[in-house]
Structure formats: C-alpha cells, structure tokens
Amino acid sequence: MASIFQGVGAATSLDTKKFQLSSLRSVTGRKASCVVMRSGGAKMDGGSNQISGRADQLVTNAVATKADTPAASTASKPGHELLLFEALREGLEEEMERDARVCVMGEDVGHYGGSYKVTKGLAEKYGDLRVLDTPIAENSFTGMGIGAAMTGLRPIIEGMNMGFLLLAFNQISNNCGMLHYTSGGQFKIPVVIRGPGGVGRQLGAEHSQRLESYFQSIPGIQMVACSTPYNAKGLMKAAIRSDNPVILFEHVLLYNLKERIPDEEYVLNLEEAEMVRPGEHVTILTYSRMRYHVMQAAKTLVNKGYDPEVIDIRSLKPFDLYTIGNSIKKTHRVLIVEECMRTGGIGASLTAAITENFHDYLDAPIMCLSSQDVPTPYAGTLEEWTVVQPPQIVAAVEQLCR
Amino acid sequence: MATFFLSKSHKLIMHNLKSTKLLTFGVTNHTSSVANSLLSSHFLHTRSRPPLPNDAGFSRCFATVSSGRRSHTAVSFSDDVDQDQLSTEAPLQQELNFPGGKVKFTPNKLFTSGSSAERTQCYRVLNENGQLLIDSDSLKISKEVAVKMYRDMVTLQVMDTIFYEAQRQGRISFYLTTIGEEAINIASAAALSHNDFVFPQYREPGVLLWRGFTLQEFANQLFGNKYDQGKGRQMPIHYGSKKLNYITVSSTVATQIPHAVGAAYSLKMEKQDACTITYFGDGGSSTGDFHAGLNFSAVMEAPVIFFCRNNGWAISTPITDQLRSDGIVVRGKAYGIPSIRVDGNDALAIYSAVYEARKLAIEKQTPVLIEALTYRAGHHSTSDDSTKYRPADEIEWWRDGQNPVKRFRTWVENNGWWNDQVESEHRSNIRKQLSQAIQAAERVEKPPVADMFNDVYDVLPKNLNEQEVSLREHVKKHPQEYPSNVAV
C-alpha cells in the first residue's frame, strides 16, 4: 500500500520541458503533446521521493531540498517507518529544533500531547511556554497566535477539530488573512493553523465537518491538505517555513496510516499537487481521505480495463492548475472526488477553475463527486453514504469514459 | 475497637485512592496540629514551586515565571502518613483543597451582591482646576516630558478639528475624533517606551503622534495616497507603523486584545524588557475576545496592559445598556488581574498609572487592567450625529467643563512652562502644517494597481498575477472609464 503513494513528482518535472515545446491550443498541438507525454515518462512511478523544485511558473515558497539529486527509488534508502501523526510530529519537532521562534498553542497540546498526539512529548522537551495549553477560546488563542506572529514568533495553532475553527473565523478572516495587506506589508503573519477535520467514525455532526471550502475564499491565506505520512511531514515543514498564514487540513481517519519516509530532511512545495497514479483515460482529482477511496476504486477500474490518472491536489488554495492542466490536456476527462459538500465545496470551485482554463481540452463535462449536503449523521450506515464510496467512483468513471 | 475499625476503613479508602490515582482531597483538622503538619507537607499549595511527580497531573509551572504561583495539585497520600493520627478524631472539614485551591466553608447562605454599595474609587492627582492634589515631589515627571505631553495634546486637538472639517468638505471619506480623550492618548503613550507594542482600537492616534508619526504621514493615510504606510488599502484612521511599534488598526472590535496577549507571550518567551498595551472602549469590553484575552493573560502571566477607555458610549449605546457591573475595573479581579480606575481627563494620573502598570507588568510578569473614566465628547465618527441620542448640553458640559487639555494646561502654565503666546503660536503653526499636509496629500497620486495585488501573500502567486495583468489590460483599453491619478 505504501509504495503506491510514494510515486511522486519526478514525472511532472520532466513534463515541464516537453510541454513548453509543443503548442498548446491547436488540435494538432494537443495530439502532439499527447505523444510527447507518453514517451516522456508518464508511466514513471516509484521514482524519487523528493519533489524537485520546478523553477518555472509556480512560486515555490517552500524550499524543495536536494533538487539536484537523481531520482532514486525508496528501496535503496532505508528511511524509517512511522504513522501519519508521528510524521506530523517529526516535522513539527524538526522545525522547533531548527528555529527557536516556532511555538505551538492549542487546547491540550501540552502535557496531554494533543488530542491526536501530534504534539506528544514536545512540552517536556521545549517547556510549557513553547507548547502552550490554551483555555477554550478558539477566537482568542487564534488571535493570540496572530499577535505573536506579528511581533516575531512563528506559532502553530492547533484546532482540536477543524470544526472548532469556525469560532476563530473572525480572527482568521479579518486579521490573519488581512493584516499583512492592510498594514502595507509592514506586519507579517507566519502562522500555521492545523487540525483534524473530515468525517470520522461516528463522531457526530459537529465533529465531522468538512469545511475546507468555508475558508477557501479568504484572501491572504493558503490551504493545504495532507494525506500520507510523507506529505504530512513535508507540508508541515513547508507551512511552518512559509511567511504566509497556512491552514493545514488533516483528517481524523488518516492519523494511523503507516509509511516509510526518508531519513534525510525534506520539505515539500505548498502549491504542488501530487501525482499518485499516472494514467491515460481520465483525470481523477482528489485530496485527503478520498484519495484512498479513489485508489481503491482505481484497482477495480484497472481490472475493468481503465487507466485512470489520479492526482492528489494537496494544495486547496491556490490550486495547482499546472499539474492539473497537464493532466487534462492528456486525458480530456475529469472526475473530481472530494469529501467536501456538493454546494460550494472545493470541487465546485475546482470545476469552475478547470472550466475557465481548460474548457477546450475537455471531451466530456466535468464530473464532481462530493458528499451530501447534510450534516454528518451518527448512524454508521448513513455516515458511510454521506461521503463518496469507491463503487460510486467506479460508476462515475465508467460513465465518463463511455 | 472503634479505633481499629476506623483506621481499617481509612486504610481501605486510602488504598483505593492511591490505586485509582484520583485527585485526593486535602483534609485539615484544626484540632490536631500534629496531623496538620504531617498533612500539610503533602499538600503542595504553598507559594513555593516544588517539583511535582508527573502523575500528579494538574500542575504546570512556567520555567520563566519568576513570581510564585500556587499549584492546585493535591498529591495522593503517601505511606508515611500516620494513620492513627488521622483516625483519632473524625476530621471536621473547615476547608477543602478543591482543584483550584483551598476554600473555607460557611453555613451562611450568602449570595454576594451583584454590585457593591460604593463604587471603586478613581485615581486622580490633578483636580478640575488644574491643581495638584498630591505632593509635587512625589510626581515623577520632567519638564520636558510634561511640555511635550501638553504640546502633543494640543496638536491632537487641532489635528482632529482640521481633519474632521476636511471630511465634512468631502476631501476625505471618513474620520474619527479623539475629543475628550487627548490625555488618555498622549499621557499613556508618554509613560511607555518605544519598544512596547501598541495594539490600538481606533481612537488612539495620539500614541502614534507621541512616538513621532508626522502630520504628513497622518494625512497620507487619510487620503490613501501612494505614500501611505498602508499603501492605500485601509480606510481612514486605520494607521499602522512597524517602525513605531504600533500595530495597524483593524476595524473589528476587540480583536486586538488577544493579539496583544499573544505579543506579550512572545516578549515573555524572548525575555524582552518590554510590554504590550492594548486599548479598547467600554463597548469592546463586552466581546468574547475581551473575556478570553484577559483570562488567558492571567493564566499565562503575560506582560500586557489592558487599557479600557470607558467614555460612556458605544456609538449610541450608553454604558448602562452595555453593562451592569461597576464599570470595567471590577472585572479585572474576576480574572485575577491587578486593576486600577483612573480619571481619564487627568493627564498626570494617567501618566503615573501607566508608568506603574508597565513596571508591574514587566517586573512581575503580570497583566494589568486600567480603566480610564472619561466622556466621548465628540461624535462616534463622521458617520454619526450624537445629538440624536444624547442632549447637547451634556456634551457641552463635558467638552468644556472636564476638558483634559485645559486642565493640564493650567498645571503646566502654573509651573511657568507655558503661556498664551506659545499656545497661539503652537496652534497656528500646527494648523498651517496641517493644511499644507492636506494639500500635499491630496495632490499625491493614489497607489498603483500593483499595490492592489501584492502583499496579499509574501510573493505574488500566479492567480493574482493573472488577475492583475487582466485588469491592467482592461484599464488600458478603457482609460476614460477610470481615474487618471492611479498609475496602472
């Protein structure tokens, strides 16, 4: 299971150069680019673990380390195995070690170690002030983090559940997103706001919110969603190093995922999407937990003779339209699979962005599978039907590829 | 026999307590001093900070806190407690060490009253006639500082008048005056150091003035031209200056309170010899952020000064509709914060209180609450006509009778440091500077289109770049539809 998810990035960097050669808007150009793609290594997988820095259009805020090392497979470097929440912690700890201004604040993050144990052991190591337990006042401790950031620290604000961040919306929208701009660039707010969200196992409606899209419009913030231990650690580090406020969405059900990650230090790019499975027939865009449903569906689809290309978009704001666009230009069919609600969800926004930019390349209307527009029910079966399930994905692909 | 029985059951209880690691209670038996001393050695709620075992669970000590703190942990009974001593008398609990500390019991069913017969007294050293109420030797203010204070209060007054009129003339879109609160603005700023971070609400431009913000800089912000520190992105009076450690005003009420606490936290982490100060009004004290900010600052022992400008009005809401406590000063006690009520029209009292508060905050690493009682003698803003909800003669009474500028002037003049001629010179000088500043600011170009898109992030992202390019092209194609004083 783990090795599939490590197929990353190298493919896209190769595509870059080849893409610039071919003309993009004509029909012939399209065909030409397809050919180029196929020979160029679209089928490459299990390549390097490291996303090499692409010095082209996308602004790489995070340092992509060791960009010049040749693509090496995981097998040659031993790495170490850990669970996703441990990967988050490792990334956090490395950054706290590296920069004394990095601090954590949130409910029960200190000696309790965090409700999902992401900050376990940090309070003992760095002290109560650097790993700060806050009273139950999300708006206020988010505000505190903003104030601390404006005066020199780099706080990581943990929401016990992303749903609780709704209480902090005022500070996030009005101050976090705005103050760098309204102060004329004088004050910067390098905070990371992170926490678990998404639908879990019968946690009830208030604790099963999928509210990435609520924050998507806020100007001034970036949003990323992690899905594997590898990208969790890399994104955590990138978010901490970024001078912009970043919201890092984790998922309650993914904390115990196990994967082997490299020993050496790596930081991922906040604005890059991850190529999970290169393919030819259809582009499936997904993020967070739905990635796993998609990969499960992909197995079925492969057995049925389809070749889906699966991209974990990772960056929810801004979208990595470069990677997405390349894929669409190849496959001409798009399926978005998300956990967000149908109305006003990330998928809705992505559909609009794709239509605006890549309409000419589509052979079929964009399909978007989202969760139902209902509060998450408690009953197990109902909860399951609220989110997108693999059979639905298989059916959607079959329909798209008719 | 009875003794034996008691001690056995006691053993059982203790065993259960120990094995389940419950938070055990403290038992104080005032009739047995021996038991007392034995027990008290187990209860770590003294003022010193002994190291606690990890499974005590509830204790936390900040390594950097120098002042003593009470830990509310109770430790489970250890084996060397003398069982027999405990079991000789049935202990009568006079008090109990609950989580949070020892509390005495009483059989009197007494609800504390919501209000006290007498209100908290107000600290004042200069009476309404400008006469000192205390020994002048105990005043720690130099002539230079006092004269600068008065000078800046006058500047602020003139600035308010002229900018207000500029708004009425349609030259700027909005303005907010500080009439009646000049002493609060200037005197509090004078008592701080430039390293102290200021988190304003919006009625504190005097703090910027004191620190050196020029009249031209004020005008540039009001006109939103390209020299504005904020690059024309905020509406008027939303000043900010990183150089002067004055965080940009944000319209949202009281959101700056937790910011100030967070900044104080960062100062504490870095052990700086500085504090933060945040200003808010009586209305702002009703918000959730006020509550959590004060509460948390006390828990964290953060060096922050909470300065409440209780001017009696939140737009049209009078104080009696805003709260029913004895103002805001009594709330400090509720959070465990040292507090003081000050005459907001008395520049010397404010100076002295803030000076002391700053010392307290930094040396003792504690938040401090200051409530300055005053009156909002002007309208809420240029969008408001306060005669609609309060009598004009009331406004006049405060504006003229309790005028902080006049009062301070009397004292400064009586010291021989000021006179009529200097006054009129200063006022006309400022008026001239202001009118020049306004004219200059009006003529300056507005910020370019590029400034609309940068600083949203640290580096311009692709989508914003596209939007900017697209907008530029559009404006270039239709120049007649767009103002000419904006660089594209």
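The values are calculated or read from the model by the stated rules, or taken from the named source; none is laboratory data. None of the values given here were measured: they were computed from a predicted structure. With ideal geometry, Cβ positions are generated from the backbone for all residues, glycine too; neighbour counts draw on all protein chains shown. All accessible areas refer to the heavy atoms of the entire protein, side chains included, with ligands and DNA or RNA removed. Shrake-Rupley method; radii C 1.70, N 1.55, O 1.52, S 1.80 Å.
Exactly one of these conditions fails for A:Phe187: (1) more than 7 Å from chain B (Cβ to nearest Cβ); (2) open to solvent by less than 10 Å² (accessible area, probe 1.4 Å); (3) among the aromatic types (Phe, Trp, Tyr). Give me its number.
Only one criterion is unmet by A:Phe187, namely (1).
For residues in the stretch A:81-116 being among the hydroxyl-bearing types (Ser, Thr, Tyr) and touching a residue at least 40 places away in the same chain (Cβ under 8 Å), which is most open to solvent (accessible area, probe 1.4 Å)?
By that ranking, first place goes to A:Tyr116.
Between a first residue in the stretch A:380-402 that is free of Cβ contacts under 8 Å to residues at least 24 places away in the same chain and outside the structural domain of A:Ala364 (by the TED database) and a second residue that is among the β-branched types (Val, Ile, Thr) and open to solvent by 80 Å² or more (accessible area, probe 1.4 Å), which pairs have beta carbons less than 6 Å apart while being 6 or more apart in sequence or on different chains?
none
I'd like the residue in the stretch B:236-268 that is touching a residue at least 60 places away in the same chain (Cβ under 8 Å) and farther than 25 Å from B:Gln322 by Cβ and, out of all such residues, is farthest from the other protein chains (Cβ to nearest Cβ).
Ranking the qualifying residues of the stretch B:236-268, first place goes to B:Pro236.
Considering (1) open to solvent by less than 60 Å² (accessible area, probe 1.4 Å); (2) in contact with a Gly (Cβ under 9 Å, 6 or more places away or on another chain), say which one B:Arg399 fails and leave the rest.
Among (1) open to solvent by less than 60 Å² (accessible area, probe 1.4 Å); (2) in contact with a Gly (Cβ under 9 Å, 6 or more places away or on another chain), B:Arg399 violates only (1).
Under the condition of being open to solvent by 20 Å² or more (accessible area, probe 1.4 Å) and not in a helix (DSSP H, G or I), which residue from the stretch A:373-400 is nearest to A:Arg342 (Cα to Cα)?
Restricting to residues being open to solvent by 20 Å² or more (accessible area, probe 1.4 Å) and not in a helix (DSSP H, G or I), the top hit is A:Asp373.
Quick check on the stretch A:169-184: of everything there that is more than 7 Å from chain B (Cβ to nearest Cβ) and in a helix (DSSP H, G or I), which residue is most open to solvent (accessible area, probe 1.4 Å)?
Going through the qualifying residues, I end up with A:Phe169.
What's the number of the condition B:Asn463 fails, among (1) within 32 Å of the chain's Cα centre (by Cα); (2) within 14 Å of another protein chain (Cβ to nearest Cβ)?
If we test B:Asn463 against (1) within 32 Å of the chain's Cα centre (by Cα); (2) within 14 Å of another protein chain (Cβ to nearest Cβ), just (1) comes out false.
All but one of (1) more than 14 Å from every other protein chain (Cβ to nearest Cβ); (2) touching a strand residue (DSSP E or B) at 6+ places or on another chain (Cβ under 7 Å) hold for B:Phe174, so report the exception by its number.
Going through (1) more than 14 Å from every other protein chain (Cβ to nearest Cβ); (2) touching a strand residue (DSSP E or B) at 6+ places or on another chain (Cβ under 7 Å) one by one, B:Phe174 breaks only (2).
State whether one or more residues within the stretch A:138-155 are under 19 Å from A:Glu250 (Cβ atoms), more than 10 Å from chain B (Cβ to nearest Cβ), surrounded by 22 or more Cβ atoms within 10 Å (Cβ to Cβ) and among the acidic types (Asp, Glu).
No - not one qualifying residue is present in the stretch A:138-155.
Wholly within the stretch A:192-269, which strands (runs of 3 or more DSSP E) include no fewer than the required count, namely at least 1 residues that are more than 17 Å from A:Asp312 (Cα to Cα)?
Here the list reads A:192-197, A:246-251, A:258-261.
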